[in-house]
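The values are calculated or read from the model by the stated rules, or taken from the named source; none is laboratory data. The shown structure was predicted, so the numbers you read here are calculated from the model rather than taken from an experiment. All Cβ positions, even for glycine, are placed from backbone atoms using ideal geometry, and neighbour counts span all protein chains on display. What goes into the accessible areas is simple: the full protein's heavy atoms, side chains included, and nothing from ligands, DNA or RNA. Shrake-Rupley method; radii C 1.70, N 1.55, O 1.52, S 1.80 Å.
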Amino acid sequence: MADRDTLPLPIEIRARLAELELELSEGDITQKGYEKKRAKLIQAYLPRVPVGAESRIPVTPSSSSSSSSRYQRRRSTGSRDERYRSDVHSEAVQAALERQCERKMAVPMPSKRRSLVVQTSMEAYTPPDSSSGSEGEGSLGRTGGAGVEAWISQALRGSSSSTTSSSSSHSNGSANAARLAENNAHTYNSEYSRSTHALFVICDCDVDFCNTNIHRRLINICAFFICAYLADLLGVPVSSRVSAKIQQLVNTLKRPKRRPLREFFVDDFEELLEVQQPDPSLPRPEGAESTITQGEELCRLKNCPASMEAALQRWGAIAPKAPCLTVTHANTKQPYTLTYGKLWSRSMKLAYYILHKLGTKQEPIVRPGDRVALVYPNNDPAAFMVAFYGCLLAEVVPVPIEVPLTKKDAGSQQIGFLLGSCGVAVALTSDACHRGLPKSLSGDIMQFKGWPKLLWVVTESKHLCKPPREWYPLIKDANNDTAYIEVSACVCVWFDEVSSMFLLVSQQYFISLCVFVCLCILAETLVNVLDFKKDVGLWHGILTSVLNMLHVVSVPYALMKVNPLSWIQKVCHYKAKVVCVKSRDLHWALVAHRDQTDLNLSSLRMLLVADGANPWSISSCDAFLNVFQSMGLRSEVICPCASSPEALTVALRSFTPKSPLIPMGRGVLSMTGLSHGVIRVDTGEKLSVLTLQDVGSPMPGALVCVVKPETIPQLCKTDEIGEICVSSIATGTSYYGLTGMTKNTFEVCPMSSNGGLVSECVFVRSGLLGFVGPGGAIFVTGKMDGMMLVAGRRHNADDIVATALAVEPMKFVYRGRIAVFSITVLHDERIVVVAEQRPDSTEEESFQWMSRVLQAIDGIHQVGVYCLALVPSNTLPKTPLGGIHLSETKQLFQEGALHPCNVLMCPHSCVTNLPKPRQKQPEVGPASVMVGNLVAGKRMAQACGRDLSQGEDNDQVSVSVLGLISERYFILSVIFYFVSSVTQFLFLSEVLQWRAQTTPDHILYTLINSRGTVGSSLTCLQLHKRAEKIAALLFERGQLRDGDHVALVYPPGIDLIAAFYGCLYAGCIPITVRPPHPQNISTTLPTVKMIVEVSRSACVMTTQAICKLLRSKEASAAVDLRSWPPVLDTDDLPKRRSPLLYKPSDPESLTYLDFSVSTTGMLAGVKMSHSATSALCRSIKLQCELYPSREVAVCLDPYCGLGFVVWCLCSVYAGHQSVLIPPAELEVNPALWLLSVSQFKVRDTFCSYSVMELCTKTLGTLTDSLKARGLDLSRVRTCVVVAEERPRISLTQSFSKLFKDVGLHPRAVSTAFGCRINLAVCLQGTSGPDPTTVYVDMRALRHDRVRLVERGSPHSLPLMESGKILPGVRIIIANPETKGPIGDSHLGEIWVHSSQNASGYFSVFGEENVRSDHFSARLSFGDTQTIWARTGYLGFLRRTELTDASGERHDALYVVGALDEAMELRGMRYHPIDIETSIIRTHKSITECAVFTWTKLLVVVVELDGSEQEALDLVPMVTNVVLEEHYLIVGVVVIVDTGVIPINSRGEKQRMHLRDGFLADQLDPIYVAYNM
């Protein structure tokens, strides 16, 4: 770069180099080709420097060619949007990142499917459009060049406190670097807090570039600072395995960038957000209180028109041939000129048509004072001008809006809402625009979303009638009536005739005081490149021009795209005196001027830069002056302007030959100081600076003050940044329909520090941030709508854009299109950067660019970026002139509809206000906790069900006495009666034999098929005889002995029941196993084999169909067939029964083994003894009042837990009829379960959550048709949902509401709770109070506390009672760590003491002792003798106001979640279901999700039901909701297809299986995002 900066290259060589840069920036040439051609061009002009000599040639400060070479250097790279260019800024960024370019980031790259990779071709070249940012982005380049040395020197001389230290820092660069490295990234130089008191520096325009040595020293310090700050982010190369990526992510988190938060225990479980303590070393305002600045005295000229209408009438009468507006076109059409006579006549014709031809005389559509929309394209200012003045003559209020092209135009819905609120019913448009509007099939204009119904009127003269001679419009003087409404940022601003007078008076001011302003005279020519429908383009190109009879030459945006130099050519052709442009147009002219030598800009008196208040427009202004100064352009012609829709023109810098030349004010301010709202001149030691230029003095007759933003309007100090307020007759008056905002913006009364008013005038907030310099010069640092308040510091969006564009030397961002905005997450604003990437960018380049951008922004601005997203080219919403529609982009991002192609979230570095981690109290004895609870009046959390001995269970006994029918069973009956009456204990095998003898024809089981008919049934005798044959099969073919284990691999049905009791008759131990799925045998068969091996099964019993499946080729490929034990087919049973049935003698011997996979992924088998099985069946019988006359519908999987007990055991014990509905049949007929319940008039039914969810989703809209088919659920007394988890209250409530119309009572739906150690702890039953629901504070649960809150309270969590405690069951809530009892206000582990508890875990490897305390736990104090079983579930007990059947107050048990699944994060306990519920509500495309932790990282897996292009939209939304509601940072977000999250037969998520699959990279994710 340096070679070209200092070489005296010929003009033609520079022009060819500029062409090369343009080709590179637009993608027409590769980087390699550019370097090759560039080197060839400048090779002949390179000086021959000896080896070892200094390669940089010093720049002579006074040389005029130095300025030109500076500009050429800024244009030389072709790397990014030059409008954000600043040499000091870009070189500081590049030097800081130069050392890191050869090392890879330790943060893993996101994983993405190939289908998501953007594969779009590079579009054809078009001239650069508006750049990133919203409509007002303009040409935002900033120079770091002119006068940097002088600015730093003056700053050093102006500081009395830091001169010595600053000077020494210049003389000793290594000392500065060492001091910066020692202070690191967390502290600031103490000298900075005592920085210079000089607030700004006034420099002449011709002051040249800074001293090279000082500049190089500054760059070296900046590079050292950033490199030292970012060194710990670099690490090993990235692996493609997910587990390796996570390990790298963990490594990056080992050394956090910021100090860890202090830990303490919040005893009242209130989570307090971390509040940043004010740092005394931070810069603070130290100056005196500012004062009000007054502009020049306003003087009106004689014979000035009294209003805009009067001006139009005058010029139309006395100068009808004078040109008013010349419209140029992008094609070869000749320019069209509108004269003042034509404007007057056409405006009169339109005014007459509006008032007299729309509607009837009795009911006109438009009346004076009504609002009318003006819809005209940007290339037709003549038709717009006629319509605008026609509305003024008709005394209606024009509302200029953009042309709607499609239904999905950015901001179209907001515009429609505005039109509706303003009462707009008529829209004026041109003929060409009317033809281009989207039409419906009938040919009418399409009704746009949110728009009122409009009458479209074409305003060409051929469509209008000539007004009668006696009609003449009423020409009134200026008054307070509304003149027009301007739309800005989706807010409607009213302007009255005072505003029109403002433009009138301001132009008189221009005429009478041309000594100070611009020498504007009548019939002068003005070239307008701005949008003529709003802002400066409307004020000067439409209103001011008519007031002063100017000739306006309009250059449309379409012509600028074809020929960016067209506006300069118009200036030369028409010898224009004034031109209105944006810095964007200056930049385009610089790129396209090439070797144009016939340009002459000496006629210009005023080059008004509409966005000159933007600090990043300085480089474009300086570069434009450097290049075109040789073509007659004078430095004093460039006049930056500050304006806003509310305050109109705030300030304007101008000059006249008769007045002394006012020097241009410039200052090099520290960005860090500006972020704290103070003004500090940069001393050369800081990393980043911002160069400001003044925008002139206040307008004549205006008062200007600076007040504190977003608070009471108190005057700022002289060294403090605030919002600029204006008091003038030339401002807006109100926001339409927004009284509160109007008062806050347009009725501001500034106050002093003591609370008194400083002026009787009323001020208007301009929305501009800045300060008032010496001599009343106004400096603007940014806009309110572009400011982001992050952690108490203000950052400008344009500054962030400039840093992002300065990062990569290659042109990565597509045409510099970057949008920066902030969103509120966790009570603070977070910065979001969205950029359009070039179509030819690879994934590696994208991730590398994003990583470097994050480093640069953090190093330059000391602020973290929350989210950096890349979208395909030309996909961001656009404004009518091609810029990025910022508000629409932000809305799409927040709604999850932006569809990015790459996302990088960085919550770890920028979220610093998380609640402080919990630190548990020191060891406090459990006895002390108990005493504390008693002192506080809190009872210990314990409860019990009714005593089993109190139950009536005499049906078997009474029947056994009366049923001594045969002598064969006499002894058995006597023994049965004795045992029943004394010990109340029954063996299930003997109960079945007794029922087969006493009630042989009583139907116990009825199986329903998918058609809703009875597939098969079993009576007591049939079941007994079939069990005998199966026992004989085991004796004869299986050669089994007593106590052998038998695996029962059956589908849900009657065969499983018969096989179970056949095993009991043979003395074998049955293990029920789910059969493998035929369509997924490779996955399901290994699980079957594992259970068979772990249970030590001696043989396998199954059906003939499953036998064939086990011997199939697919099965042999999954497992080794030779390792199977003998397989017995029960479809071929022996004809004779077993001669002798097994009679159990020990009640504690095993009945069966219950194997299941828990939600934590553990395969566990529990041992159920005869005593526990009989006690469990007895408890359920008493709780549900089950008798032989009852019918119970069961729709559960009969393989484990309470589902197996209800399916196989309860009917034999209680004698009721069980209607069995296999859940798999519901996939064919979803209404099978409910129709069976209605058909058999069932009063009690059992189901799972998966069954209930299926019915809710598929039958929710079919209740009317089901009712017509005879569905009646009014007889249902209890509908119990069986699960081992927290009750899903939302699902049960939805089910109750949906089927309320078919008779289902809401109280009938309840839940049951069981676990491994006790298959049924709670079950609602038929008697007792209704299930209760409480609302607890979710934040309290994280601290193991229970605090009840009202429904709808913040952070409230509804919890439903898990059912009534079963008879014979005692419950106590214990601390899982100390094993001591706790009070009912605490969350603890549920412990159970009952005779129906399981005996223990079964393990083939003899590892029963691993979890032996689960079945034989004892309290650490209190009742230490009772043996308890630990359920492994957390919950709490609450004594309600309800009473049970015994008259005692009801104790309700609430299950919160599994202890093994609870996640310990930041010292608090989180339950996955809470986080998952929040995530599912986030986006409509999320069907299911699961969370788990790995090495203290929170991993979220989300199932996407939609297009893969929506996958990346979910990443920021998931991160946001978890932060907002749970105060947790998500480490990894995995987007997968539907059905990936494993769910067991009970509808419970298998999170640990999912975790294992994720770590093994087996999920085939759509996208994996690693939040840095």
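Descriptive notes on the structure:
- Residues whose amide H comes within less than 5 Å of that of R794, counting only those at least five positions distant or on another chain, are H676, G677 (H built at 1.01 Å from N in the peptide plane).
- The peptide list 1469-1476, 443-450, put in order of mean Cβ contacts within 10 Å with the highest first, becomes 1469-1476, 443-450.
- Lysine pairs with alpha-carbon atoms under 12 Å apart, the range 348-450, spacing 8 or more or separate chains: 4
- Accessible surface computed residue by residue for the range 1516-1567, with neighbouring protein chains in place and a 1.4 Å probe, gives 29 Å² per residue.
- Separation of the range 1337-1404 and the range 361-413, taken as the distance between their Cα centroids, equals 67 angstrom.
- Percent of Cα pairs in the range 321-447 per distance bin of 5 Å, from zero to the largest separation: 2, 10, 17, 20, 20, 15, 11, 4, 1, 0.
- Ratio of Rg to Rh over the range 1025-1184 (Cα coordinates, Kirkwood Rh, two decimals): 0.98
- Nearest-0.05 FRET efficiency for S887 and V1014, computed from C-beta distance (R0 51 Å): 0.20
- Here the label points at V1127 and L757, each 7 Å from Cα along the C-beta direction, are separated by 9.6 nm in the simple model.
- Rg [Å, one decimal], Dmax [Å, integer] - the range 1440-1565, C-alpha atoms: 17.4, 61
- Backbone N under 18 Å from the E895 label point (7 Å along Cα→Cβ), restricted to the range 401-440: 404-419
- Hits among lysines - C-alpha to C-alpha of K1143 under 27 Å, sequence gap 8 or more where chains match: K1025, K1029, K1135, K1167, K1181
- Potential lengthening between N913 and K1484 on full extension [0.36 nm per residue; Cα-Cα distance subtracted]: 202.6 nm
- Taking N as its residue count, the alpha carbon Rg of the range 693-825 over 2.2 N^0.38 Å: 1.23
- A protection proxy built from the mean count of other Cβ atoms within 10 Å ranks the segments 357-363, 420-426, most packed first, as 420-426, 357-363.
- Shown for the range 367-462: the carbon plus sulfur share of the solvent-accessible area, taken with all protein chains present and a 1.4 angstrom probe, equals 56%.
- Spin-label model distance (nm) - Q1509 vs S1395, 7 Å beyond Cα toward Cβ: 6.8 nm
- Straightening the chain between T597 and R1037 buys 147.6 nm, computed as 0.36 nm per residue apart minus the Cα-Cα spacing.
- Debye log10 I(q)/I(0) at q = 0.15, 0.24 Å⁻¹ for the range 667-754, Cα point scatterers: -0.72, -1.19
- Computed over the range 1003-1109, the alpha-carbon pair-distance distribution with 10 angstrom bins reads 15, 42, 33, 10, 0, each value a whole percent.
- Along each principal axis, Cα extent of the range 1133-1218, largest first, Å: 45, 31, 29
- Pair-distance distribution P(r) for the range 1038-1078, from all Cα-Cα distances in 5 Å bins starting at 0: 6, 25, 31, 20, 12, 5, 1 percent.
- Per residue, the convex hull spanned by the alpha carbons of the range 542-587 comes to 81 Å³.
- Taken along the Cα-to-beta-carbon direction at a fixed 7 Å, the label points for T1477 and L1559 span 2.9 nm.
- Prolate/oblate/rounded call for the range 748-864, Cα gyration tensor, a/c under 1.5 rounded: prolate
- Linear extension gain, N1080 paired with L1291, 0.36 nm per residue minus alpha-carbon span: 73.0 nm
- Sorting 1024-1031, 1426-1433 by average packing, meaning the other beta carbons within 10 Å per residue, from highest down gives 1024-1031, 1426-1433.
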